[in-house]
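The values are calculated or read from the model by the stated rules, or taken from the named source; none is laboratory data. Predicted model only: the values in this text are computed from it and were never measured. Cβ placement follows ideal geometry from the backbone for every residue including glycine, while neighbour counts extend to all protein chains displayed.
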Amino acid sequence: MKKRPRKIVLAEDAFRSSFVDANAYDRRIRKFVPYYEDMMNSVLCCFPKQKSYTVVLELGCGTGNLSQKILNEDRFCKLVAIDLVNEMVEKCRARLIQYSSRAEITCADMIKFRRFSSFDYVLSNLALHYADTNEKKISVCRNAYQSLRPGGVFSFSVMLTSETPESTEKIWKRWERDIIKNGVTREELDEWYKTYHRSDRPVPSSLWLKSLEELGFKNCELVWSETIFGTFWARKP
């Protein structure tokens with residue numbers, strides 16, 4: 001009898017597949033990211049709030065929180081949203097059912113995905129730090145660059161570390177303080193470190209900025225930050 005091939009589970013797949021219940025996922029992420037709404041708004045700070053006929057790619061759409069805001073912000077835009085976990089894609093489709101004529105939601109790997117010169121914006125909220133090597137993070141940025149039209153914007157939020165262990169410890173302690181105030185128990189925090197944090201691969205903001213600049217992006221900035229999170233903005237010439 002032949003053995004079934006062992007399924008290879010990627011880091012981001014393992015993390016996100018544990019939240020296939022959209023309501024549970026959304027409750028958890030808002031408990032562990034008290035600034036979640038501010039973060040999403042910072043990703044969209046570059047986004048036009050008027051009739052624009054834009055085409056948008058979202059990397060790592062999850063249950064569709066940012067996707068819904070994108071489609072609400074611009075009722076004329078068209079959205080392509082991808083996620084590696086099929087259950088997340090289904091939840092996102094269900095959330096965006098009223099926008100089905102303007103939204104293509106598909107299961108795809110954000111590290112490899114690209115459509116040459118197809119998008120005015122490439123956006124992402126709390127997904128790119130799951131790429132488990134610096135090379136994969138750079139690959140995401142390179143594919144975003146190639147997928148953008150000239151003048152297009154790449155805007156994304158990620159989990160971050162600081163430049164030194166001392167400063168990293170400080171921002172993580174501030175984050176722990178904030179989430180405990182937000183209702184996370186010490187037991188939940190311990191479980192998060194033990195189970196879910198293993199999938200995170202945060203790096204300092206300087207690595208993201210250097211990678212964006214070396215790939216050819218202009219006006220590269222860290223436009224928002226709070227404890228262990230930050231949002232970046234860059235434009236393709």
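For region 26-67, the tally of residues that are surrounded by 20 or more Cβ atoms within 10 Å (Cβ to Cβ) and on the phi > 0 side of the Ramachandran plot stands at 3. Reported count of residues in region 69-88, each being modelled with pLDDT of 95 or more and not charged (D, E, K, R), is 4. The condition (being in a helix (DSSP H, G or I), modelled with pLDDT of 75 or more and under 17 Å from the mean Cα position of the chain (by Cα)) is satisfied by just one residue among 45, 61: 45. Please determine whether any residue of region 111-130 is among the hydroxyl-bearing types (Ser, Thr, Tyr), touching a Gly at 6+ places or on another chain (Cβ under 9 Å) and under 18 Å from residue 237 (Cβ atoms). Yes: region 111-130 contains one or more residues that are among the hydroxyl-bearing types (Ser, Thr, Tyr), touching a Gly at 6+ places or on another chain (Cβ under 9 Å) and under 18 Å from residue 237 (Cβ atoms). Of all residues in region 115-144, those satisfying the criterion of being more than 17 Å from residue 202 (Cβ to Cβ) and over 16 Å from the mean Cα position of the chain (by Cα) are 115, 116, 117, 118, 119, 120. Being under 20 Å from residue 209 (Cβ atoms), in contact (Cβ under 8 Å) with a residue 24 or more places away in the chain and not hydroxyl-bearing (Ser, Thr, Tyr) is true for just one of 80, 85, 140. Which residue is that? So the residue among 80, 85, 140 that is under 20 Å from residue 209 (Cβ atoms), in contact (Cβ under 8 Å) with a residue 24 or more places away in the chain and not hydroxyl-bearing (Ser, Thr, Tyr) is 140. Would you mind stating whether residue 76 is touching a Ser or Thr at 6+ places or on another chain (Cβ under 9 Å) and surrounded by fewer than 19 Cβ atoms within 10 Å (Cβ to Cβ)? Here the answer is yes, as residue 76 does meet what is asked.
Does residue 144 satisfy being among the aliphatic types (A, V, I, L, M) and either farther than 30 Å from residue 175 by Cα or in contact with a Leu (Cβ under 7 Å, 6 or more places away or on another chain) (or both)? Criteria not met by residue 144.
Taking region 85-187 and the helices (runs of 4 or more DSSP H) fully enclosed by it, the elements with 2 or more residues that are more than 12 Å from residue 61 (Cβ to Cβ) and hydrophobic (A, V, I, L, M, F, W, C) are at 134-147, 165-181. With respect to the conditions (1) within 17 Å of the chain's Cα centre (by Cα); (2) of a type outside the set (A, V, I, L, M); (3) surrounded by 15 or more Cβ atoms within 10 Å (Cβ to Cβ); (4) not in a loop (DSSP other than H, G, I, E, B), residue 201 lacks only one, and its number is (4).
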